[in-house]
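Enquirer: Got a structure for you, written out below as structure tokens; questions coming shortly.
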Amino acid sequence: MTTSERLVESTRELLWERGFTGTSPKAILQRAGVGQGSMYHHFTGKSDLALAAIRRTAEVMRNTADTALSGDGGSCDRVRAYLLRERDVLRGCPVGRLTMDPDVIADPALRQPVFETLDWLRGRIAGILREGCERGEFDAELDPEETAAAVVATVQGGYVLARAAGSPAPFDTAVRGVLSLLAARTTGPAPAA
């Protein structure tokens, strides 16, 4: 890994663990194992480095979600694969957690990749559900955009509930709930959970 990559990866982890305010340049340098001049050689400052880290986190999240959503099976199967994919539930979503960081949300440049990623995810799921509607997998009343928003909200809210409880159980319960609601809208036999 190059020095700039080590800085970005260290910042990604620290933002996930501590948020923007709790991520000091000193902590970044220590985690990356580089000297002070390295950060300012590659980035103009903490915000510039944080932006690179947020963009990388967003890219990783999109790739991970897209892999699950691009699998085999019908629309319901693909959304199920996304919902049931392996996660570190108690750490929460590295992108979603940034929405709770007032410094990220107050800075339009830092907020943009967060918004774009969550918006992309809603759109990607809506597209899959729309395909399912067109193929007759779901009843005619299913609204792909509203349902996709509910899926994303369930995942993000599930992380919050799990972290509050100190257990992945509330996340798992929320996922099972949205899967049951989705299965109830299928036109054929409900897929296995």
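The values are calculated or read from the model by the stated rules, or taken from the named source; none is laboratory data. Keep in mind that this is a model prediction, so the values were computed, not measured. So basically every Cβ, Gly included, is an ideal-geometry build from the backbone, and we count neighbours across all protein chains shown. Heavy atoms of the whole protein, side chains included, go into the accessibility calculation; ligands, DNA and RNA do not. Shrake-Rupley method; radii C 1.70, N 1.55, O 1.52, S 1.80 Å.
Enquirer: Treating only the Cβ atoms of Lys and Arg (+1) and Asp and Glu (-1) as charged, compute the dipole magnitude of the chain about its Cα centre; round to the nearest 20 debye. Walk me through the numbers before you get to the answer.
Expert: Numbers: 23 positive and 25 negative charges, 141 e Å.
Approximately 680 debye in magnitude.
Enquirer: Next question, about the same structure. Which one, (1) 18.8, 62; (2) 19.8, 63; (3) 18.8, 57, gives Rg and Dmax of the Cα atoms in Å as derived from the coordinates shown?
Expert: (1)
Enquirer: Based on Cβ point charges of +1 for Lys and Arg and -1 for Asp and Glu, what charge dipole magnitude is obtained for segment 3-60 about its Cα centre, in debye rounded to the nearest 20?
Expert: 120 debye
Enquirer: Leu84 to Gln30: extension gain in nm, 0.36 nm per residue of separation minus the Cα-Cα distance?
Expert: On the way: separation 54, 0.36 × 54 = 19.44 nm, distance 3.53 nm.
Full extension from Leu84 to Gln30 adds 15.9 nm.
Enquirer: Separate question: Can you tell me the relative contact order of the chain? Whole percent, Cα pairs under 8 Å, sequence separation 6 or more.
Expert: It rounds to 20 percent for the chain.
Enquirer: Do any GluC sites (Glu not before Pro) in segment 1-100 lie in a DSSP loop with no more than 13 other beta carbon atoms within 10 Å, and if so, which?
Expert: Those satisfying the criteria are Glu86.
Enquirer: Turning to a different aspect of this structure: Any chance you could give the angle, 0 to 90 degrees and rounded to 10, that helix 108-134 forms with the longest Cα principal axis of the chain?
Expert: 20 degrees
Enquirer: Related question: For segment 33-116, with only Lys/Arg (+1) and Asp/Glu (-1) charged at the beta-carbon, what is the dipole magnitude about the Cα centre, in debye rounded to 20?
Expert: Numbers: 11 positive and 11 negative charges, 22 e Å.
That gives segment 33-116 a dipole magnitude of about 100 debye.
Enquirer: I've got another one for you. For the Cα atoms of the chain, what angle does the longest principal axis make with the long axis of helix 46-69, in degrees from 0 to 90, nearest 10?
Expert: Approximately 20 degrees, to the nearest ten.
Enquirer: Report ³J(HN,Hα) in whole Hz for each residue of segment 143-157, in order, from the Karplus equation J = 6.51 cos²θ - 1.76 cosθ + 1.60 where θ = phi - 60°; Gly and Pro get x.
Expert: Taking θ as phi minus 60°, the curve returns 9, x, 5, 5, 5, 4, 4, 5, 5, 5, 5, 5, 5, 5, x Hz for segment 143-157.
Enquirer: Using only the alpha-carbon atoms, how far is helix 3-18 inclined from the longest principal axis of the chain? Give it as 0 to 90 degrees, nearest 10.
Expert: Roughly 60 degrees between the two axes.
Enquirer: Please report, for the Cα atoms of segment 92-167, the Rg to one decimal and the Dmax as a whole number; what are they, in angstrom?
Expert: When restricted to the Cα atoms of segment 92-167, Rg and Dmax are 15.0, 45 Å.
Enquirer: Among 87-96, 154-163, 172-181, 62-71, how do they line up from the highest to the lowest mean number of other beta-carbon atoms within 10 Å? Write down the numbers at each step before the final one.
Expert: Numbers: 87-96: 17.9, 154-163: 19.4, 172-181: 15.7, 62-71: 14.2.
By packing density, highest mean first, the sequence is 154-163, 87-96, 172-181, 62-71.
Enquirer: Counting only other residues whose beta carbon sits under 9 Å from that of Glu9, what net charge do I get with K and R as +1, D and E as -1?
Expert: +2
Enquirer: Which one, Ile125, Thr57, Ala148, is farthest towards the positive end of the dipole of the chain when Lys and Arg carry +1 and Asp and Glu -1 on their Cβ?
Expert: The Cα lying farthest towards the positive end belongs to Thr57.
Enquirer: Could you state how much accessible area Lys26 has, in square angstrom rounded to the nearest 10, with a 1.4 Å probe and all protein chains kept in place?
Expert: Surface accessible to solvent at Lys26 totals approximately 140 Å².
Enquirer: Let me ask something else about it. Expressed as a whole percentage, what fraction of the accessible surface of segment 1-97 belongs to carbon and sulfur atoms when a 1.4 Å probe is rolled over the protein heavy atoms?
Expert: About 47 percent, which is the carbon plus sulfur part of the accessible surface.
Enquirer: Okay, moving on. Rounded to the nearest whole Å², what accessible area per residue is found for segment 7-100 with the 1.4 Å probe?
Expert: Accessible area per residue, segment 7-100: 47 Å².
Enquirer: Now for a different question. Given H placed 1.01 Å from N in the peptide plane, which residues other than close sequence neighbours of Leu142 have an amide H under 5 Å from its amide H?
Expert: Sorted by chain and number, the residues that satisfy this come to none at all.
Enquirer: I need two numbers for segment 24-131: Rg to one decimal and Dmax as a whole number, Cα atoms only, in Å.
Expert: Over segment 24-131's Cα set, Rg and Dmax evaluate to 16.8, 52 Å.
Enquirer: Helix-derived [θ] at 222 nm for the chain: sum -39500 (n - 2.57) over DSSP H runs of at least 4, divide by residue count, nearest 500? Could you put the intermediate results ahead of the total?
Expert: Numbers: 9 runs with 134 residues, N = 193.
So the calculated ellipticity at 222 nm is -22500 deg cm²/dmol.
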